[in-house]
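Before any comments, here is the structure.
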Amino acid sequence: MIKNVVLIGFMGVGKTSSGRMLANQLGFKFIDMDKAIEKKWNMTIPQMFEQYGEAFFREKEKEMCREIAEKKSVVISTGGGTVKDPENVSILKRTGKIVCLTASVDAILERTATTGTRPLLDSFEDRRQGIIKLLDERKEMYAQADYTLDTTDLSPLQVSRDVISFMKRR
């Protein structure tokens, strides 16, 4: 039986678009963790960062990991930094398989071009260098995945088919 599927990876790699498609194909519920956090605490993540700081947001993120991990038959799209906390990873691994989506720096740059929606990227003068720096910092964290897939040249449908194929092999 297929467990929950937890999508991790950097901003702009396709966790949300591919996650929706994957959930649809599996007949699972789709949960975007960032959206769930925003809904529960009635404010956007940029507002949380601005008003209370990153530590406050990370605390809410961990609470949401615990809440979501209790659910069954869900595809979970995590925030880009969720895996920074090893406890989040172990919480999510208990009930799901972790799939890391990756993409080239150019693809990420293109997909995250809108400013004002990515507080972490917006803080860098040179977004490309910011992406490279953050990817490098998170490399080991993303390596904890059960499966890794490069989405650079794939559509959400192709990504979801590939992930389903992996889940069936497990």
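The values are calculated or read from the model by the stated rules, or taken from the named source; none is laboratory data. Being a predicted model, the structure only gives us computed values, none of them experimental. Cβ atoms come from the backbone with ideal geometry, glycine included; neighbour counts cover every protein chain shown.
Could you list, in sequence order, the residues of region 7-17 that are aromatic (F, W, Y) and surrounded by fewer than 20 Cβ atoms within 10 Å (Cβ to Cβ)? Answer for region 7-17, where residues must be aromatic (F, W, Y) and surrounded by fewer than 20 Cβ atoms within 10 Å (Cβ to Cβ): there is none. Checked against (1) closer than 29 Å to E59 by Cβ; (2) at pLDDT 90 or above; (3) of a type in the set (A, V, I, L, M), L157 passes all but condition (1). Looking across region 96-107, the residues that are not basic (K, R) and not in a helix (DSSP H, G or I) come down to G96, I98, V99, C100, L101, T102, A103, S104. Can you find even one residue in region 32-40 that is touching a Gly at 6+ places or on another chain (Cβ under 8 Å) and closer than 15 Å to V163 by Cα? The answer is no; no qualifying residue exists.
Looking across region 75-95, the residues that are under 14 Å from the mean Cα position of the chain (by Cα) and either hydrophobic (A, V, I, L, M, F, W, C) or not in a helix (DSSP H, G or I) (or both) come down to V75, I76, S77, T78, G79, G80, G81, V83, D85, V89, L92. Counting only residues that are modelled with pLDDT under 95 and of a type in the set (A, V, I, L, M), region 9-22 holds 2 of them.
Residues checked against (1) of a type in the set (S, T, N, Q); (2) without any contact (Cβ under 8 Å) to a residue 60 or more places away in the chain; (3) closer than 17 Å to V159 by Cβ:
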position	(1), (2), (3)
I8	no, no, yes
K15	no, no, yes
G19	no, yes, yes
D34	no, yes, no
E38	no, yes, no
N42	yes, yes, no
F56	no, yes, no
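V74 versus (1) at pLDDT below 95; (2) buried (at least 19 other Cβ atoms within 10 Å of the Cβ); (3) within 18 Å of T95 (Cα to Cα); (4) of a type outside the set (F, W, Y): which is the lone unmet condition? So the condition that V74 fails would be (1). Picking from residues in region 18-51 that are buried (at least 19 other Cβ atoms within 10 Å of the Cβ) and of a type in the set (G, A, S), the one that is farthest from the chain's Cα centre (by Cα) is A23.
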